[in-house]
Amino acid sequence: MMMNNEKSSIQWLSLKNRLMAINPQTGGWLLLDDLCKEIVHEIELGMSSESISEQCGGISVGEIDRLRFLLKSHHLIGSNKTENAACGSSCAKREYPTLAVIKATLACNLKCVYCYANAGVNQSSRMPFETARRIVDEYVRLNPNKSVTMLMHGGEPLLNFGLIKEVVEYSKKYGKKVVVSIQTNAALVNDEIAEYLKENPVEVGVSVDGPALFQNSTRPLQNGKGSFDQVLRGIRCLQKHKVPFGVLCVMTSNVANNIDEILDFYLSNDIYCFSFIPLMKFGRGLNDSSLYVTGEQIFKAYKRIFERIIENNAHNEKKINERVLSNMALSLFANENPFMCTQTPCGAGRRILGFSNNGDVFLCDDFIDDPDFKIGNVNESPIDELLAQSGVVARSLSRSKDNFKRCKNCAWKVLCGGVCHAVDYYTGKEGEIENEICVFNKLMLPFLIEAFDENPEIPHLLSEDISAMDARNVCVALDDGKTDDSIDADTFVRILKLHDVRHYEKVILSGKNFAQNQDSLKMIQLLKSRKHHQIVLLENSKLDCSEYKDMMDCGVDEIWVRPDVDAGLFEGCLNRVNRLIQYRNDKRLDTSVALVLPINDELWNSNVVGWIRENLSPEDKVLLYEDFSGSTRAVLEQIRDLKLNVSVSVISSSVETRESCSDLFVFEKTNLFFIDKDTLKGRDDIGIEKILAS
């Protein structure tokens, strides 16, 4: 509840056709109208839905509750949760970088006018295999339960193709745990190299700035002649051998102003996976201002890229995948920001390290050879020791948008994610001044929201990770984990993949004795890492078990409890629920508790009402399900009059009930995608009432 003298957590922005409510601290947003703005203000002041309904004649309490529900579920009000929720010792774990960017050589066959690494000056530089092997072993050691990626970089890594083959062959001892990839200019690719990349396989990225006019002007050969013919020949060779690859283009001012020509080149050459990186103001192009691109230029170019993607992906079987717009769509419409370079703190020192050809370790590959960002040498000390002792890493991990002068009062600071640390360091004075990426984000994000308002298919057309269908509530029935064919964490991962469970879909864990499954905490942590909203449905008879407290320690989003309402048992169940809530409150954990109760007039007496008012907090809720013992509407009207001071919503798959009672309460989504623990098959013809009754 917001007191009269408190500042609202919501900022209001005017878009083309609507008002946008946004919470800068959470990134939550909604498109609303002027009347909703008035109601939101009254909700923030703590007015009840009944009082607001009386003041705004004609608007039902159910509609106001629905708006209140949307404000909470979209994190505009009432949520103090953070991504780094408290986690007990049962799930605490130090994580280490999984991506190594390895400078296989600083030699290069090209002399790009903007090269960040100033490659080609020393054409004899090569990383020895012993150093590369040390990096592979260290990464595998530090990530026993994860795959790791060795990105062979340069210069031009194919000038040290022998090292690439040695790393590939050595990594086979670790099975699929080690992925080898390369970023190449493709000019040296021939049939032998392409066939090797295909057979092993090695993931491939190609750097090319478009057709001949653009490629030759910015990415010439060492002798100054154009590289386009050689690069296109290499691309054709990769395609002939069916080697999948994505393309990376540096967006200079010339590229931005002629973006259609670049896109025409890609698509006419059957290149549908590409991304653009606005030129960073460091490296060889530092003093050539003609190369620089402004935020407005980037926005204008991306508006056209957006139009071409929507046009293609709506009508063409081959879909364009452009990283920047795909990640923006995930951030805006799926509450997911997977790209480490637009996170704060970013991936530098956390998910990625850069390795120079002599084994020197840097915070990120963009900082290689900058002594201020060197953290040691992999040949001299274990990586975990280097990370633990490095002040550079500690400072990078402490970076916060709330401490950046340009970010702390910006409405878009969560949705934009942040600016690459290297870009920020070299051009933004570590968050002190606004740079071209900031300008671009402030223009592009509202543009995408306006486009979404006109066409709700926009998110799916921009990102294949966002489904065209409505988000589901997915219920996974688990077992106790004590039999050979029980569901463990690895099986759980396969289940999510098998049924294409998306990041933004709620996942409910339920089942007899499932909390005793030793992998249940791993499953919750997995769901949290994938940004799923996690719910556990508990067994009443075991509410005092330590497993449930461990789930709270791990920061599970919600715990649903359906007490046994039979005479003589109900009071004991409520006492156990109370002890669970007290544990949560004592440890100041973020888990919300939902009390699941029937719509039954015999149950709703003063004792139950008093217990709810005394024990449930504003972040908790009551879920009502039908037991068909009498008039549903009459009981709901009775409950509505009780003014319970917590969120109350109804679970009912009855169309008649939803139509006749929607003016009283919010109705939860009732049809689940249910995954059976025995067959692992899914079905969508089951209502949540059946889950509760089982």
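The values are calculated or read from the model by the stated rules, or taken from the named source; none is laboratory data. Keep in mind the model is a prediction, meaning the values are calculated, not measured. When we count neighbours, we look across all protein chains shown, and the Cβ atoms used for this are built from the backbone with ideal geometry, even at glycine. Areas reflect the complete protein model, heavy atoms only, side chains present, ligands, DNA and RNA absent. Shrake-Rupley method; radii C 1.70, N 1.55, O 1.52, S 1.80 Å.
Just so you know, in the stretch 504-530 the residues that are part of a loop (DSSP other than H, G, I, E, B) and surrounded by fewer than 17 Cβ atoms within 10 Å (Cβ to Cβ) include one that is modelled with the highest pLDDT, and it is Gln518.
Would you point out which residue out of Asp270, Asp264, Asp209, Asp260 is surrounded by fewer than 17 Cβ atoms within 10 Å (Cβ to Cβ), of a type outside the set (Lys, Arg), at pLDDT 95 or above and not in a helix (DSSP H, G or I)? Of Asp270, Asp264, Asp209, Asp260, the one residue that is surrounded by fewer than 17 Cβ atoms within 10 Å (Cβ to Cβ), of a type outside the set (Lys, Arg), at pLDDT 95 or above and not in a helix (DSSP H, G or I) is Asp270. As for the stretch 665-685, it holds at least one residue that is in contact (Cβ under 8 Å) with a residue 24 or more places away in the chain, open to solvent by less than 20 Å² (accessible area, probe 1.4 Å), closer than 20 Å to Ile59 by Cβ and in contact with a Lys or Arg (Cβ under 8 Å, 6 or more places away or on another chain).
Is it the case that Val247 is assigned to a loop (DSSP other than H, G, I, E, B), open to solvent by less than 20 Å² (accessible area, probe 1.4 Å) and either modelled with pLDDT under 95 or in contact with a strand residue (DSSP E or B) (Cβ under 7 Å, 6 or more places away or on another chain) (or both)?
No: the conditions fail for Val247.
Ile688 fulfils the conditions (1) surrounded by fewer than 18 Cβ atoms within 10 Å (Cβ to Cβ); (2) modelled with pLDDT under 85; (3) under 21 Å from Ile535 (Cα atoms); (4) not hydroxyl-bearing (Ser, Thr, Tyr) except for a single criterion, (1).
Scanning the stretch 294-302 for residues that are open to solvent by less than 40 Å² (accessible area, probe 1.4 Å) and not in a helix (DSSP H, G or I) turns up nothing.
Within the stretch 72-85, the presence of at least one residue that is open to solvent by less than 50 Å² (accessible area, probe 1.4 Å), at pLDDT 90 or above and not in a helix (DSSP H, G or I) is confirmed. Across the stretch 1-52, the qualifying residues are those that are open to solvent by 30 Å² or more (accessible area, probe 1.4 Å) and hydroxyl-bearing (Ser, Thr, Tyr), and the one among them that is modelled with the highest pLDDT is Ser14.
Within the stretch 118-140, the set of residues being more than 14 Å from Asn358 (Cβ to Cβ) and in contact (Cβ under 8 Å) with a residue 12 or more places away in the chain comprises Asn118, Ala119, Gly120, Val121, Gln123, Arg133, Val136, Glu138, Tyr139, Val140.
State whether one or more residues within the stretch 498-519 are among the hydroxyl-bearing types (Ser, Thr, Tyr) and under 22 Å from Val593 (Cβ atoms). Yes - at least one qualifying residue is present in the stretch 498-519.
Residues that are within 16 Å of Asn441 (Cα to Cα) and of a type in the set (Lys, Arg) do occur in the stretch 287-302.
The rows are residues; the columns are (1) acidic (Asp, Glu); (2) within 29 Å of Ala477 (Cβ to Cβ); (3) modelled with pLDDT under 90.
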{"residue": "Asp564", "(1), (2), (3)": "yes, yes, yes"}
{"residue": "Asn607", "(1), (2), (3)": "no, no, yes"}
{"residue": "Asp620", "(1), (2), (3)": "yes, yes, no"}
{"residue": "Leu623", "(1), (2), (3)": "no, yes, no"}
{"residue": "Ser629", "(1), (2), (3)": "no, yes, yes"}
{"residue": "Ser653", "(1), (2), (3)": "no, yes, yes"}
{"residue": "Glu659", "(1), (2), (3)": "yes, no, yes"}
{"residue": "Glu668", "(1), (2), (3)": "yes, yes, yes"}
{"residue": "Leu680", "(1), (2), (3)": "no, yes, yes"}
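With respect to Ser617, is the statement that it is closer than 20 Å to Arg68 by Cβ, among the small types (Gly, Ala, Ser) and either in contact (Cβ under 8 Å) with a residue 24 or more places away in the chain or part of a helix (DSSP H, G or I) (or both) true? Against the criterion (closer than 20 Å to Arg68 by Cβ, among the small types (Gly, Ala, Ser) and either in contact (Cβ under 8 Å) with a residue 24 or more places away in the chain or part of a helix (DSSP H, G or I) (or both)), Ser617 qualifies. Does Ser217 satisfy the condition of being within 18 Å of Leu279 (Cα to Cα) and among the polar types (S, T, N, Q)? Spelling it out, Ser217 is indeed within 18 Å of Leu279 (Cα to Cα) and among the polar types (S, T, N, Q).
Restricting the stretch 338-369 to residues that are open to solvent by less than 40 Å² (accessible area, probe 1.4 Å), assigned to a loop (DSSP other than H, G, I, E, B) and touching a strand residue (DSSP E or B) at 6+ places or on another chain (Cβ under 8 Å), the residue that is nearest to His503 (Cα to Cα) is Gly347.
Residue pairs whose Cβ atoms lie under 9 Å apart, separated by 6 or more positions or on different chains, with the first residue in the stretch 298-321 and β-branched (Val, Ile, Thr) and the second open to solvent by 40 Å² or more (accessible area, probe 1.4 Å) and part of a loop (DSSP other than H, G, I, E, B), are Ile309/Lys319; Ile310/Asn455; Ile310/Glu457; Ile320/Tyr272.
Scanning the stretch 472-490 finds one or more residues that are more than 23 Å from Pro338 (Cβ to Cβ), of a type in the set (S, T, N, Q) and open to solvent by 60 Å² or more (accessible area, probe 1.4 Å). One residue alone among Asn379, Asn441 is at pLDDT 90 or above and either in a helix (DSSP H, G or I) or open to solvent by less than 20 Å² (accessible area, probe 1.4 Å) (or both), and that residue is Asn441. Filtering Ser649, Ser653, Ser660 for residues that are more than 30 Å from Asp490 (Cβ to Cβ), free of Cβ contacts under 8 Å to residues at least 60 places away in the same chain, open to solvent by less than 80 Å² (accessible area, probe 1.4 Å) and outside any helix (DSSP H, G or I) leaves a single hit, Ser653. Within the stretch 18-30, residues that are assigned to a loop (DSSP other than H, G, I, E, B) sit with their Cβ atoms under 8 Å from residues that are of a type in the set (Val, Ile, Thr), at 6+ positions apart or across chains, in these pairs: Asn23/Ile10; Asn23/Ile77; Pro24/Val414; Gln25/Val414; Thr26/Val414; Gly27/Val414; Gly28/Ile22.
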